[in-house]
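These notes concern the structure reproduced below.
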Amino acid sequence: MADAFIAELCERVRDHAARKSALRIRGGGSKDFYGQSPAGEAVEMASYSGIVAYEPKELVVTVRAGTPLAELEEKLAAERQMLAFEAPHFGPGATIGGAVASGLSGPRRPYAGSVRDFVLGTRVVNGKGEDLSFGGRVIKNVAGYDVSRLMAGALGTLGVVTEISFKVLPRPAHETTLAFEMDEEEATEQANRWAGLPLPLSATAWQDRKLRVRLSGAATAVAAAKAKMGGEEIEAGDYWRELREQRLPFFDAARPLWRISVPQTAAAIRTAHPQLVEWGGGVRWVSGDLDPMNIRSTAERLGGHATLFRGGDKSIGVFHPLQPALMKIHRRLKAAFDPSGILNPGRMYDF
């Protein structure tokens, strides 16, 4: 059945490449909002699901792209393991392929790593209809590793990802959340100071003068860190999950949402619009109607970039404009993997 699916997919891609007819790669549709609007005939990947191989002792899992993200997480949790990058679902139909294609990571990202940091290998059907494999299931096998990582965050523009191998990590034995009252600049400075110490940090979030810090690890390590850091231990409940899934009141779907990625030590962004700061200052969420030129020039000045993450007028461009040299690299990659330009055309940039 799996071989038949891949063979049919390859033939379909070759047919569309010959006709220069666009294909829209779709998993569960939970991230259709992200990037420019999808275009082309849908390639539904949800039916291509299932865990191909899982070796808990080796901390490696290989899974088909259409596998529900929740199903994979449940399987890993049964072995007290996890996808350390805490991929957001943004809907009940989220698939692991969509998690890789979007390249989005959750609160743990600055302390554990991003999606691409945990991708060991991929199987991909490129825009020529070729079934290709890169990397491997074993951590020591790094052949083609960089090519596999290219697929993370490419939004399906370079190929149809059909299988992915991940490195997984043990789930922490204990977690607690501390709260501190401080302004944004103080919170950012403190979060970066703590990050330079041997403390089991696993998430930070600041909003409305409150800094929340999650600690994860052995009970003794968490207790020692709590004693060193101070603050108020609070019942976090589902806060970190709600933050990851953007279900907090801050993420009001009625307002455009900007994601500003900057160095963690960058100065505060001065705006009258509501902000939520994650990743020790590395991500600044700003909610409201912002002037695109102004927020993007501000992000550049701080050494980062700004993405219109959700809502708003996409005609201005969702992703931050690339410098000419980087755009040239993007175009070359697209031409190498998808010479007919049929896979998710225009989803990231205008090609």
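Could you list all residues from segment 29-52 that are open to solvent by 30 Å² or more (accessible area, probe 1.4 Å), under 23 Å from Ile164 (Cα atoms) and either polar (S, T, N, Q) or touching a helix residue (DSSP H, G or I) at 6+ places or on another chain (Cβ under 8 Å) (or both)?
Ser47, Ser49, Ile51, listed by residue number.
Can you say whether Val115 is among the β-branched types (Val, Ile, Thr) and closer than 27 Å to Val213 by Cα, as far as the supplied structure shows? Full working, then the answer.
Details: among the β-branched types (Val, Ile, Thr): yes; closer than 27 Å to Val213 by Cα: yes.
Answer is yes for this residue.
Please go through segment 94-125 and pick out each residue that is within 8 Å of the chain's Cα centre (by Cα) and under 15 Å from Trp240 (Cα atoms).
Within segment 94-125, Ser105, Gly106 meet the criteria.
When the residues of segment 93-130 are narrowed to those that are outside any strand (DSSP E or B) and hydroxyl-bearing (Ser, Thr, Tyr), which ends up nearest to Asn344 (Cα to Cα)?
Restricting attention to segment 93-130, the residues satisfying the condition of being outside any strand (DSSP E or B) are 93-94, 96-118, 126-130.
Going one step further and asking which of them are hydroxyl-bearing (Ser, Thr, Tyr), we end up with 102, 105, 111, 114.
Details: Ser102: 12, Ser105: 21, Tyr111: 32, Ser114: 23 Å.
Across segment 93-130, the extreme among qualifying residues is Ser102.
Taking Arg149 as the residue in question, decide whether it is assigned to a helix (DSSP H, G or I) and either open to solvent by less than 10 Å² (accessible area, probe 1.4 Å) or at pLDDT below 95 (or both).
yes
Out of the residues in segment 168-192 that are open to solvent by 80 Å² or more (accessible area, probe 1.4 Å) and either free of Cβ contacts under 8 Å to residues at least 12 places away in the same chain or of a type outside the set (Gly, Ala, Ser) (or both), which is farthest from Ile269 (Cα to Cα)? Quick ask: steps written out before the conclusion?
Taking segment 168-192 and keeping what is open to solvent by 80 Å² or more (accessible area, probe 1.4 Å), we get 171, 173, 175, 181, 185-186, 189.
If we keep only those that are either free of Cβ contacts under 8 Å to residues at least 12 places away in the same chain or of a type outside the set (Gly, Ala, Ser) (or both) as well, we get 171, 175, 181, 185-186, 189.
Details: Arg171: 35, Glu175: 31, Glu181: 19, Glu185: 10, Glu186: 14, Glu189: 14 Å.
The residue in question is Arg171.
Here is a list: Ala227, Ala219, Ala203, Ala236. Which entry is open to solvent by less than 40 Å² (accessible area, probe 1.4 Å) and modelled with pLDDT of 95 or more? Walk me through how you get there before you give the answer.
Values: Ala227 fails: open to solvent by less than 40 Å² (accessible area, probe 1.4 Å); Ala219 fails: open to solvent by less than 40 Å² (accessible area, probe 1.4 Å); Ala236 fails: modelled with pLDDT of 95 or more.
Selected residue: Ala203, the only one of Ala227, Ala219, Ala203, Ala236 that is open to solvent by less than 40 Å² (accessible area, probe 1.4 Å) and modelled with pLDDT of 95 or more.
Take Ala84 and tell me if it is open to solvent by less than 20 Å² (accessible area, probe 1.4 Å) and in a loop (DSSP other than H, G, I, E, B).
On the way: open to solvent by less than 20 Å² (accessible area, probe 1.4 Å): yes; in a loop (DSSP other than H, G, I, E, B): yes.
So Ala84 fits the description; yes.
Within the group Arg301, Arg310, which residue is under 12 Å from Trp258 (Cβ atoms), of a type in the set (D, E, K, R) and out of contact with any helix residue (DSSP H, G or I) (no Cβ under 9 Å at 6 or more places or on another chain)? Let's see the steps before the verdict.
Details: Arg301 fails: under 12 Å from Trp258 (Cβ atoms).
Only one candidate qualifies: Arg310.
Results for (1) open to solvent by less than 30 Å² (accessible area, probe 1.4 Å); (2) β-branched (Val, Ile, Thr); (3) not in a loop (DSSP other than H, G, I, E, B), shown as yes or no for each residue.
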{"position": "Ala223", "(1), (2), (3)": "no, no, yes"}
{"position": "Pro249", "(1), (2), (3)": "no, no, no"}
{"position": "Ala253", "(1), (2), (3)": "no, no, no"}
{"position": "Ala268", "(1), (2), (3)": "yes, no, no"}
{"position": "Thr271", "(1), (2), (3)": "no, yes, no"}
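Rundown of residues vs (1) buried (at least 21 other Cβ atoms within 10 Å of the Cβ); (2) over 26 Å from Glu189 (Cα atoms); (3) among the hydrophobic types (A, V, I, L, M, F, W, C), yes/no style:
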| residue | (1), (2), (3) |
| --- | --- |
| Arg284 | yes, no, no |
| Gly303 | no, no, no |
| Leu308 | yes, yes, yes |
| Ile316 | no, yes, yes |
| Met327 | no, yes, yes |
| Pro339 | no, yes, no |
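Among (1) within 23 Å of the chain's Cα centre (by Cα); (2) at pLDDT 95 or above; (3) part of a loop (DSSP other than H, G, I, E, B), which single condition is Pro339 missing?
Checking Pro339 against (1) within 23 Å of the chain's Cα centre (by Cα); (2) at pLDDT 95 or above; (3) part of a loop (DSSP other than H, G, I, E, B), the one that fails is (1).
Look through Phe90, Phe134 and report the one residue that is open to solvent by 20 Å² or more (accessible area, probe 1.4 Å), in a loop (DSSP other than H, G, I, E, B) and hydrophobic (A, V, I, L, M, F, W, C). Can you show your working first?
Working: Phe134 fails: in a loop (DSSP other than H, G, I, E, B).
Criteria check complete, one pass: Phe90.
Tally time: how many residues in segment 280-312 are outside any strand (DSSP E or B) and without any contact (Cβ under 8 Å) to a residue 40 or more places away in the chain? Outline the logic, then answer.
If we filter segment 280-312 for residues that are outside any strand (DSSP E or B), which is where we start, we get 280-282, 288-304, 311-312.
Within this subset, residues satisfying the condition of being without any contact (Cβ under 8 Å) to a residue 40 or more places away in the chain are 288-301.
Total meeting the criteria: 14.
Please go through segment 1-28 and pick out each residue that is among the hydrophobic types (A, V, I, L, M, F, W, C), open to solvent by 50 Å² or more (accessible area, probe 1.4 Å) and part of a loop (DSSP other than H, G, I, E, B). Please lay out each step first, then the result.
Looking only at segment 1-28, we keep the residues that are among the hydrophobic types (A, V, I, L, M, F, W, C), and these are 1-2, 4-7, 9-10, 13, 17-18, 22-23, 25.
This time we only want the ones that are open to solvent by 50 Å² or more (accessible area, probe 1.4 Å), so: 1, 4, 7, 18.
Selection gives Met1 alone.
The values are calculated or read from the model by the stated rules, or taken from the named source; none is laboratory data. Everything numeric in this text was worked out from a predicted model, so none of it was measured. Note that we place each Cβ from the backbone using ideal geometry, even for glycine, and neighbour counts take in every protein chain shown. The area values use the complete protein model at the heavy-atom level, side chains included, leaving out ligands, DNA and RNA. Shrake-Rupley method; radii C 1.70, N 1.55, O 1.52, S 1.80 Å.
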